[in-house]
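Structure, as structure tokens:
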Amino acid sequence: MKIEVVTLFAPMISGALRFGVVGRALESGRLSVGTEDPRAHTRDAHRTVDDRPYGGGPGMVLKPGPMLAAIRAATARLPPGSPRVCLSAQGEPFTQAVARALAGLPGLLLVAGRYEGLDERVIELGIDRELSIGDYVLSGGEVPALAVIDAVARLLPGVLGDERSSELDSFSQGLLDWPHYTRPEIFEGLAVPKVLRCGNHAEIERWRLGQSVARTWRRRPDLIRGRVLSGEVQQILNGLPSLDAAGGDDRGWMKQ
Ligand code: 4G3
């Protein structure tokens, strides 16, 4: 898969992508990431990329000329039809389902804004879709672009390897992950749950699913309400206290 990022701070992108799973995806050629700097598309001596907002008010807006020229230059290096995505707090939520859809494409353009954002005409002329990584404001779209690249890269064939399939991840089943433990068996007085040391794999699977369901129900009931439930998950949910019941956390469920 080929990804291009339009950014004023290319080293933020290239620097962060050198490590771990994404770093190896780049080295193996399963993923390639290029950048395009809007400043390279300025014509004035000061290489100006921002200007004051029409209508007044604080902050600056990215000038449309350099931004659209950078989008077009980067788009020309991508397969035809690659979606052009802008990261902004006004976008639709970036979810695991969106990551899966993007990972199935041969190309993707990500546009990282700065200041108060892009001139709206750049969005009209050069952006297909706006995505948000969450309900908070950041100083630039680079960190959200990196989040999208990371989430997409680990879904590409061969990137995780067979033994760490993304199909076993939190969210691939629509539930939060279960708790994990490694040695030592007792750490600062806290023991690993007995069920994980019993060697009964059917019971371990049941415990993990129970933990996932209980956690999701307590922390993210929105994930349960909007979802078709298997009979097994429905049965676990029926045994859980209602959300507003006293005794406040998911840690009591099936402990030990
Ligand atoms: C304004 C994305 C600001 C417009 C970007 C980009 C938060 C998110 C910015 C624009 C951002 C997010 C940069 N802040 N929640 N700031 O995904 O296009």
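The values are calculated or read from the model by the stated rules, or taken from the named source; none is laboratory data. Since the structure is predicted, the reported quantities are computational estimates derived from the model, not experimental observations. As a convention, Cβ positions derive from the backbone with ideal geometry for all residues, glycine included, and neighbour counts pool all protein chains shown. Keep in mind that these areas ignore ligands, DNA and RNA; they rest on the heavy atoms of the full protein, side chains included. Shrake-Rupley method; radii C 1.70, N 1.55, O 1.52, S 1.80 Å.
Below, the figures for the structure above:
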{"item": "Lys/Arg +1, Asp/Glu -1 at C-beta; region 27-105 dipole; positive extreme among 53, 32, 99", "result": "32"}
{"item": "Positive-end residue, the chain charge dipole about Cα centroid, Cβ charges, pick of 186, 224, 73", "result": "186"}
{"item": "Estimated dipole of region 82-125 in Debye, rounded to 20 [Cβ of Lys and Arg +1, of Asp and Glu -1, Cα centre]", "result": "240"}
{"item": "Cβ-placed point charges (K, R +1; D, E -1), dipole of the chain about Cα centre in debye, nearest 20", "result": "340"}
{"item": "Listed peptides 107-113, 193-199, 9-15 by packing density, highest first (mean Cβ within 10 Å)", "result": "107-113, 9-15, 193-199"}
{"item": "Apportionment of accessible area to carbon and sulfur, the chain, percent (1.4 Å)", "result": "52"}
{"item": "Relative contact order [Cα under 8 Å, 6+ residues apart], the chain, whole percent", "result": "18"}
{"item": "On Cα atoms only, tilt of 201-219 relative to the major axis of the chain in degrees", "result": "60"}
{"item": "With Cα atoms, 0 to 90° folded angle of helix 64-75 axis to the chain main axis", "result": "60"}
{"item": "Per residue, in Å², the accessible surface of the chain once ligands and nucleic acids are set aside, probe 1.4 Å", "result": "59"}
{"item": "C-alpha long axis of helix 142-153 to longest principal axis of the chain, angle in °", "result": "60"}
{"item": "Given charges at beta-carbon only (K, R positive; D, E negative), |dipole| of region 176-224 in Debye", "result": "100"}
{"item": "Rough spin-label spacing in nm, given labels placed 7 Å along Cα→Cβ, for residue 137 and residue 101", "result": "2.8"}
